Amino acid sequence: MYNYYVDLHIHIGRTASGRPVKITGAKSLTLTNILYEAAHVKGLNMVGIIDCHVPEVLDELEQGMNTKGWYEHKDGGVIAGEVTLLLGSEIEVYDEHCQGPIHVLAFLPTVLAMRAFSGWLKERVKNISLSSQRMYGTGRELQGVVKQLGGLFIPAHAFTPFKSLYGKGVKKSLTEVFAPDWIDAIELGLSADTEMADQIAELHRYPYISNSDAHSLRKIAREYQEVRMNAPTFAELKKALQQQDGRGVAANYGLNPKLGKYHQTTCERCFQPMNPDDERCPACGHHRKVKGVFDRLQELKTGGVPPKRPPYIYQVPLEFIPGLGPKTYKKLLDRFGTEMYVLHQATEEELEQAVGEKLAKVIILARRGDLSIQAGGGGKYGKVFSE
């Protein structure tokens, strides 16, 4: 049994021919670039690319299998050099039972299964070639198809104010929209952690996953998990989520929730923190606010005794470190190989030799969780302070 670094929520910005997939994704976020970045820059072992329902992406993937030595593992997933690619899709559900739109992730074991899913989905979305499309059908219908194809079904960034299960999607319970037995895990999102999510008793039965939701190469692995498996394959991940025979999520690595874009309630206009009961912003008088994840969970919490969970380890991605610009980032990668090594293994002495005493100290403080943080909200990330 081994521990593998896994990030299951990475978007494709453009196909190889330059066609947009995730409109808000970077042009450099191509399939080939993602696989290189994940393996050789970030140090990941498995990635979930959640725009694989797009026919051109599937064509590109099959071309890589024909020309680059990529191949499907017998237990699911595509082995692409040093990283395993899981074929995923992000879909928007907004049926008659929803209070607002909900994003979910579906993962299929093989290219053939994803082709079948793409064909089914094409009849229920406006544009099969784009990411995160609204599906015209029910949440339970979608779950049923994913399960028929042997897939995994996971609500995405489950607490964010927009397009999520608990943000606006349901009044109180996931059972309003989905069949609970057909959910395989809950994705926490950048503004929540294990302890926050466990305030909702109906979630105690599910494993939690923490993923980057990357819209650019640099954002890959800003959140991820360490998963204990025999091999980085679809079947092994499925067993890990079910905690079979010693497998499981060994640790979640993610932002301190305060660094997320939606942790606290803020004014929609000026981002001033607000009490969720305030009718107007105390700073600018604006009457609209964006409810933060922290305050939304205060409304939803139900108590109960949570299960024993793997540790949730707060991580400050290198791009959040004050004073660490692109040149210094490159210097660190040239010296240590991957971002994982810098974040988790490099000693303070090694870091000092690479980037100097001051910055090395900040990286070590970030690793220990000892940096001061100004909470984010309203779509604006939190900030880290070294002093």
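Miscellaneous remarks
- Gain in span if fully extended, E141 to D75, counting 0.36 nm per residue against the direct Cα distance: 21.2 nm
- Restraint check, K258/K380; K301/K383; K168/K261; K42/K163; K147/K239, Cα-Cα greater than 19 Å: K301/K383; K42/K163
- Cβ-based net charge around F271, under 11 Å, with every Lys or Arg adding one and every Asp or Glu removing one: +3
- Most positive-pole-ward Cα, S164, A185, Y206, against dipole of region 155-232 from beta carbon charges: S164
- Region 189-270, accessible area per residue, ligands and nucleic acids excluded (1.4 Å, Å²): 31
- Contact order for the chain, expressed relative to its length and based on alpha carbon pairs under 8 Å spaced 6+ residues apart, stands at 16 percent.
- Potential lengthening between D95 and R19 on full extension [0.36 nm per residue; Cα-Cα distance subtracted]: 24.4 nm
- Accessible surface of V305 - all protein chains present, 1.4 Å probe, nearest 10 Å²: 130
- Net charge of neighbours whose Cβ lies under 13 Å from the Cβ of K168, counting Lys and Arg as +1 and Asp and Glu as -1: +2
- Total formal charge among the other residues, if their Cβ is under 10 angstrom from that of L259, Lys/Arg +1 and Asp/Glu -1: +4
- Dipole magnitude of the chain about its Cα centre (Cβ charges: Lys, Arg +1; Asp, Glu -1), debye to nearest 20: 700
- Centre separation in Å (Cα based) which lies between region 220-288 and region 175-215: 9
- Ellipticity estimate at 222 nm from DSSP helix runs (n ≥ 4, -39,500 (n - 2.57)) divided over the chain, nearest 500: -7000 deg cm²/dmol
- Segment K27-V305, extension gain: residue separation times 0.36 nm, minus the distance between their alpha carbons: 95.6 nm
- Heavy atoms of W120: accessible area, 1.4 Å probe, square angstrom to 10: 40
- Cα lying deepest toward the dipole's positive end in the chain, options N252, A375, T175, charges on Cβ: A375
- Among the GluC sites (Glu not before Pro) within region 35-100, those in coil by DSSP and having at most 11 neighbouring Cβ atoms inside 10 Å are E96.
- What separates the Cα centres of region 131-174 and region 365-383 is a distance of 29 Å.
- Accessible surface of region 16-168 [probe 1.4 Å, protein heavy atoms]: carbon and sulfur percent: 50
- The label-point distance for H286 and N66, in a model that sets each label 7 Å from Cα toward Cβ, rounds to 5.1 nm.
- Fraction of accessible area attributable to carbon and sulfur, region 218-322 (%, probe 1.4 Å): 46
- Accessible area of F271 in the full protein assembly, 1.4 Å probe (Å², nearest 10): 80
The values are calculated or read from the model by the stated rules, or taken from the named source; none is laboratory data. Keep in mind that this is a model prediction, so the values were computed, not measured. Glycine gets a Cβ as well: all are built from the backbone with ideal geometry, and neighbour counts include every protein chain shown. What goes into the accessible areas is simple: the full protein's heavy atoms, side chains included, and nothing from ligands, DNA or RNA. Shrake-Rupley method; radii C 1.70, N 1.55, O 1.52, S 1.80 Å.
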